[in-house]
């Protein structure tokens, strides 16, 4: 499990007692002829692309590959109740003479739910949560209908939510065309019935969960929608102020927001982190106020987080699949560090500094994958 570099480091630790940092395997310093040559084959084993850069091949061909895979992997469609039996997490299939491992997950189809096999665990987990939430909404449609219009959000919040940038990691198809009230209802259902609990993969467990948890929906809907509305109001003020900010500040904040509040962030962010968003966004507002008066100081502060943040983002991009960013504790330490740099008066959830972040990163890099 994990990348070849991770497994090599673990093997050296197990067999020789040598602890090698994960970043010691520097392919970028190897001459080209020593790097692995990757091929992309079609169903007839014809080479259609080759490169010594796997990320470049993925970038170029991932979309077509995923579309083909999903077309072959549509297992069930049109369900409005649990008709899937007991779901295994994985399923092996054969296509084009090759064996493929698929990760089974429910898929939201809007007015129904399907069952699909996904190519990667993160996409399967994300889809299964959304698909399960949709199935719960279909089964409980009569109970949930009054909640939609009573959500504590307004038209401005809905407009802001519709114009958010694409998520930097997830398949764009999974987060396209977001509607605030729909995502809020999904978030409420996920909070009450799914978060912090075993994924629902069988009919008996599905029915029991609905019976046990349905009483908490109303209070959760009001709490979550009020918090989200506050965040979207802050985000609107930030978007309005960015054109007047120093250019480097605006570029950095837009990059930060593409990770913090991308399209569909209500569905990709754990609730405990969503509750911190008003503070994170308030810190950005305070930064914008100060940066206009002292852009040099703002650049100095931004330089403190830039190297470690760049390393983290690159690692997540290249090692996607090990841990979804929303569940990654280090990712939220970066947000806390930004609060400490640009809005100290707001205080941080945990003690954080450049030294602490660097030490935490080094420990993370040296820890074996288990």
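The values are calculated or read from the model by the stated rules, or taken from the named source; none is laboratory data. What you see is a predicted model; the values in this text were computed from it and never measured. Every residue, glycine among them, receives a Cβ derived from its backbone with ideal geometry; neighbour counts consider all protein chains shown.
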- Query: Given the conditions (1) under 17 Å from residue 104 (Cα atoms); (2) at pLDDT 70 or above; (3) assigned to a helix (DSSP H, G or I), which single one is not true for residue 85?
  - Reply: (3)
- Query: So which helices (runs of 4 or more DSSP H) are wholly in the range 144-240 and hold at least 3 residues that are free of Cβ contacts under 8 Å to residues at least 24 places away in the same chain and farther than 19 Å from residue 105 by Cα?
  - Reply: 155-162, 203-213
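Looking at the structure I just gave you, is residue 250 free of Cβ contacts under 8 Å to residues at least 24 places away in the same chain, surrounded by 14 or more Cβ atoms within 10 Å (Cβ to Cβ) and closer than 22 Å to residue 295 by Cα?
For residue 250, the condition - free of Cβ contacts under 8 Å to residues at least 24 places away in the same chain, surrounded by 14 or more Cβ atoms within 10 Å (Cβ to Cβ) and closer than 22 Å to residue 295 by Cα - is met.
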- Task: Being modelled with pLDDT under 70 and in contact with a helix residue (DSSP H, G or I) (Cβ under 7 Å, 6 or more places away or on another chain) is the filter here, so list the residues in the range 21-49 that pass it.
- Result: 21, 22, 23, 25
- Matching residues, the range 290-300, being surrounded by fewer than 18 Cβ atoms within 10 Å (Cβ to Cβ) and in contact (Cβ under 8 Å) with a residue 24 or more places away in the chain: 290, 292, 295, 299
- Message: Step by step: first the residues of the range 200-232, then only those that are in contact with a helix residue (DSSP H, G or I) (Cβ under 6 Å, 6 or more places away or on another chain) and under 27 Å from residue 117 (Cβ atoms), then the one that is surrounded by the most Cβ atoms within 10 Å (Cβ to Cβ). Which residue is that?
- Response: 200
- Query: Looking at the range 120-136, which of its residues are out of contact with any strand residue (DSSP E or B) (no Cβ under 6 Å at 6 or more places or on another chain) and crowded, with 19+ Cβ neighbours inside 10 Å?
  - Reply: 122, 123, 126, 129, 133, 136
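Return a yes/no flag: does the range 323-337 have any residue that is over 26 Å from residue 264 (Cβ atoms), surrounded by 12 or more Cβ atoms within 10 Å (Cβ to Cβ) and modelled with pLDDT of 95 or more.
no
Give the residue, chosen from 146, 122, 55, that is modelled with pLDDT under 80, outside the structural domain of residue 29 (by TED's automatic domain parsing) and closer than 30 Å to residue 214 by Cβ.
Numbers: 146 fails: modelled with pLDDT under 80; 55 fails: closer than 30 Å to residue 214 by Cβ.
None of the others qualify; the one that does is 122.
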